[in-house]
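Worksheet for the structure shown next.
The values are calculated or read from the model by the stated rules, or taken from the named source; none is laboratory data. Note that this is a predicted model, so its numbers are computed, not measured. Using ideal geometry, Cβ is built from the backbone for each residue, glycine included, and neighbour counts are taken over all protein chains shown. Calculation scope for accessible area: heavy atoms of the full protein, side chains included, ligands and nucleic acids excluded. Shrake-Rupley method; radii C 1.70, N 1.55, O 1.52, S 1.80 Å.
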Amino acid sequence: MRSLLLSTLTALLFAAAACGVQAREVKVLIITGDEIAGAHKWKETAPFIKEVLTKAGHKVDITETPSKDLTPENLAKYDVLLLNYRNTPQGAKDNPESVWSDDNKKAFLGAINNSGKGLYVYHFASSAFTGTSDFDKEYEKAIAGGWRKQGNHGKKHEFTVVVRKEHPITEGIKEFKHGPDELYQNSVMLPKSEVLATAFSDKKIDPKNTGNDEPVVWVANYGKGRVVENVLGHDVEAMKSPGFQTLLIRGVEWAATGAVTYKVPPGLKGEK
């Protein structure tokens, strides 16, 4: 009987590991509540991100009222802050509680820089706070650059994401088909950012494209915090990509812990 119990337990543990269940729970706060009207639908994307991360073993909360929830006391509860947010005049009008106060901004930066919280920057959050204030400039440093003011993209299409650097987030992945999605180009890259994956911006598909390999996933540090930026995933359709979801799950875990235990799905591993 004891041998049977041990065998059963071993099998269960192996099955859990094979499914990529985390060794420990990562607590994530998705910060949202504002968008470019009709273009980035946070009421669809935020719940989808939560579902993907929850199924992977993370504990996830969503705030659509950052003015209430970006406080030192609340942010201390989480391991990772996930930005699904862009400050817009229309968003401020539709949801005034989405507007960040000076205290909110200070708490956000302090949580990463001083307290070592992980930061995951999703898609259009790289184009938030592009003004000239001291906070806007510091926000750019905190999120490791991105779209900012000069970014653009051509029409949505399918493209290949190619891993460029060995890293815990990308280990076991070579490349994968992704999309249809927006391919961000001309992103600001800060000197200490490490590009993990790129995609080719093909002029044959759209003359607006650059003809270059454009960074789509990169990592950096901001003070004590680890930062991941992933500019893929314009909408739920694009986020259904197994490659996107795997990079999302692993990126959140790495931002929290500096390591990755989530396994690459068999259909994605080593895909060429």
### Task
Looking for whichever is within 17 Å of the chain's Cα centre (by Cα) and more than 29 Å from T88 (Cα to Cα) here; the options are I205, I169. Which one fits?
I169
### Query
When you look at H167, is it open to solvent by 10 Å² or more (accessible area, probe 1.4 Å), of a type outside the set (S, T, Y) and at pLDDT below 95, yes or no?
no
### Query
Residue check, Q90 against (1) without any contact (Cβ under 8 Å) to a residue 40 or more places away in the chain; (2) more than 23 Å from V26 (Cα to Cα); (3) open to solvent by 40 Å² or more (accessible area, probe 1.4 Å); (4) not hydroxyl-bearing (S, T, Y), all met but one. Which one?
(1)
### Task
Consider K177 carefully, then state whether it is surrounded by fewer than 16 Cβ atoms within 10 Å (Cβ to Cβ) and either in a loop (DSSP other than H, G, I, E, B) or of a type in the set (A, V, I, L, M) (or both).
no
## Note on the structure
Residues of region 93-102 being hydroxyl-bearing (S, T, Y) and buried (at least 20 other Cβ atoms within 10 Å of the Cβ), in sequence order, are S98
### Summary
Quick count over region 177-216, residues being closer than 15 Å to F124 by Cα and either polar (S, T, N, Q) or touching a helix residue (DSSP H, G or I) at 6+ places or on another chain (Cβ under 6 Å) (or both), is 4
### Failed item in (1) aliphatic (A, V, I, L, M); (2) buried (at least 16 other Cβ atoms within 10 Å of the Cβ); (3) closer than 30 Å to K155 by Cβ, with V236 passing the rest
(2)
### Task
Considering (1) under 17 Å from the mean Cα position of the chain (by Cα); (2) farther than 23 Å from T130 by Cβ; (3) not aromatic (F, W, Y), say which one S193 fails and leave the rest.
(2)
